[in-house]
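Before any comments, here is the structure.
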Amino acid sequence: MRAYRVLIPAMALLAACSDPTAKSNAQIPPLAQPVRAAPGDALTMKSSFAPVVKRAAPAVVNISSKRLVRQRADPFWELFGMGAPRERIQGSLGSGVIVRADGVIVTNNHVVEGGQEITVALADRREYPARVLLADPRTDLAVLKIDVGNERLPTLAIDDSGEVQVGDLVLAIGDPFGVGQTVTNGIVSALNRTADPNGDAANAYIQTDAAINPGNSGGALVDMDGDLIGVNSFILSRSGTSSGVGFAVPAAIVRRVVETAAGGGQAVVRPWLGARTQTVTAEIARSMGMTTPQGALVADIWPGGPAARAGLRQGDVIVSVDGRPAVDAAAVSYAISSRRPGESLKLGVRRGAGEQSLTLRAEAPPATPARDQQVISGRNPFDGATVVNLSPAVADELGLDPFLGKGVLVTNIARGFAMNAGLRPGDLIRRVNGREINTVRDLTAQLGQSGGQWQVTIERNGQEVTANFRT
């Protein structure tokens, strides 16, 4: 709501209006122009978001990404060697936030993923080519860099203090539908939401009812201080447009990704708990004598991991992290993974009828066995499959359960026998011709010993499936 002050000499106006003989050219003072000033205190701030927008908007940019896509022709004509694949340019539009004055920008990974030509348009319409410093599909964040020489660009400060509360006023700034920079307002509707289109429960989002539409992805969610508290990422909607249920990646995760990129890192290292947990349900709470269903029940502990060294035990319930209540297992996972390796956290733990405090040191999941990734080829059932040694580090990177154990994981399927055999990304290769497969080296050794007859056992969604093939 805008506040105006209108200054009119009241007596002169009343006198003119009350005189029936007054002529049309009576000397009625002209209406004064509205006088508007920037709010000077918190109370007047409620009348306008303009001061916040003035501070934050220059640091929000438009991002366009283009890539060349090869489109297959009709398979019928391909049988006769006709109908070559067609190529077309596919584009995407989104938003981004300048977080360093030398041209470092954070946006959503899905805005620039696969982009071969990325262009950043500043708020003043200047355009620059951009390169990707780091892309992190797990958090759906990417960090870009544009070359602005010695110029210092406007930036948004990243506020990861954790002081955001449900009900706080927020602004979403971006470029919806490519119409140009747009500001919408709303409140923080919820915190630590684990809704994720990719099904990754390790992320905990800020939910807002500020309108977010296609093109807003990667834009800024700012508080009333004009600081960045989140990067707008996705919405839940049946129509494809804003229904008031939007989600932003919290500033704590944004800072970790930006720091990694600025330090030259190519992947974000996420600490882990070193324990398998499950959310305390109402039924579990009743069985444990808890008054409310809250926290994460420790179901299993990785030997020698952070949880084991902190003194956690099976059956413990983590009820808080650094003094903040732990709503569920996903909230605990997020609180730990958003920290830097080496930092210490205080865990509030319910053990039996009492509670105690434990100190956990944040550490990256172990990469044991060593990562060994290969593309399999040749006359075998795995032709065209990309496989890698399974370890807690690889499982965490792919959003899988680190407690899956040893094995060889299928991460990608290209054209080849593996595709026709029905293998899928995420399959675990357990046995080939009766031999246990624990590493990629075991697999490649076994592939060289068969005479074209194959018995393959894989694990998919917790169930083992065995099939026979002839190549």
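Given 4 °C and 1.567 mPa s, how large is the Stokes-Einstein diffusion coefficient of the stretch 135-224 in µm²/s, with Rh as the Kirkwood radius over Cα pairs? Present the calculation step by step, with values, prior to reporting the outcome.
On the way: Rh = 14.9 Å.
Reported coefficient: 87 µm²/s.
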Residues of the stretch 107-177: accessible area per residue at 1.4 Å, in Å²?
-> 50
Percent carbon-and-sulfur accessible area, the stretch 310-462, ignoring ligands, DNA and RNA, probe 1.4 Å = 45
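Counting only heavy atoms of the protein chains, get the accessible area per residue of the stretch 228-348 (1.4 Å probe) and round it to a whole Å² value. Each step should come with its number before you reach the end.
Values: 5160 Å² over 121 residues.
Per residue, the stretch 228-348 has an accessible area of 43 Å².
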Whole-Hz Karplus ³J(HN,Hα) for the stretch 130-136, in order, using 6.51 cos²θ - 1.76 cosθ + 1.60 and θ = phi - 60°, x for Gly and Pro?
-> 10, 10, 8, 7, 7, 10, 10
Heavy-atom accessible area per residue of the stretch 364-423, all protein chains kept, 1.4 Å probe, expressed in Å², is 45
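How long are the semi-axes of the equivalent ellipsoid of the stretch 256-408, defined as square roots of 5 times the Cα gyration tensor eigenvalues? Whole Å, largest first.
Details: eigenvalues 215, 75, 32 Å².
Taking √(5λ) for each eigenvalue gives 33, 19, 13 Å, largest first.
I'd like the trypsin sites (Lys or Arg not before Pro) in the stretch 271-350 restricted to DSSP loop residues with at most 10 other Cβ atoms within 10 Å, sorted by number. Kindly include the intermediate steps, with their values, before the conclusion.
Numbers: sites: Arg276, Arg286, Arg309, Arg313, Arg339, Lys346, Arg350; in loops: Arg313, Arg339.
The qualifying sites: there are none.
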Given a Förster distance of 25 Å, the FRET efficiency implied by the Cβ-Cβ spacing of Arg67 and Glu151, rounded to the nearest 0.05, works out to 0.30
The stretch 176-277: mean projected area of Cα convex hull, nm² = 8.3
For the stretch 109-264, the accessible surface attributable to carbon and sulfur atoms (probe 1.4 angstrom, ligands and nucleic acids excluded) amounts in percent to 46
Pair-distance profile P(r), taking every C-alpha pair of the stretch 372-471, with 5 angstrom steps and integer % | 3, 14, 27, 29, 18, 7, 2, 0
Return the distance in nm (one decimal) between the two label points of a simple spin-label model at Arg309 and Asp322, each offset 7 Å from Cα along Cα→Cβ.
-> 1.9
Per-residue HN-Hα couplings for the stretch 167-174 [Karplus 6.51, -1.76, 1.60; θ = phi - 60°; Hz; x = Gly/Pro] | x, 5, 6, 9, 10, 9, 10, x
Taking the Cα-to-Cβ direction at Thr291 and at Asn461 and moving 7 Å from each Cα, how far apart do the two end points lie in nm?
-> 4.2
Amide H neighbours of Val268 under 5 Å, at least 5 residues apart or on other chains, H built in the peptide plane: list them.
-> none
Which residues qualify? For Leu141, with a placed amide H closer than 5 Å and at least 5 residues away or on another chain, they are Asn109, Asp136
The Kirkwood hydrodynamic radius of the stretch 106-257, taken as the inverse of the mean 1/r over all distinct Cα pairs, in Å, comes to 15.7
Under a 5 Å amide H to amide H cut-off, with H placed in plane at 1.01 Å, what residues pair with Ala326 once short-range neighbours are removed?
-> Ser320, Val321
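The values are calculated or read from the model by the stated rules, or taken from the named source; none is laboratory data. Everything numeric in this text was worked out from a predicted model, so none of it was measured. Here the Cβ is made from the backbone with ideal geometry for all residues, glycine too, and neighbour counts use every protein chain on show. Remember, those area values only see protein heavy atoms, side chains included, never the ligands or the DNA or RNA. Shrake-Rupley method; radii C 1.70, N 1.55, O 1.52, S 1.80 Å.
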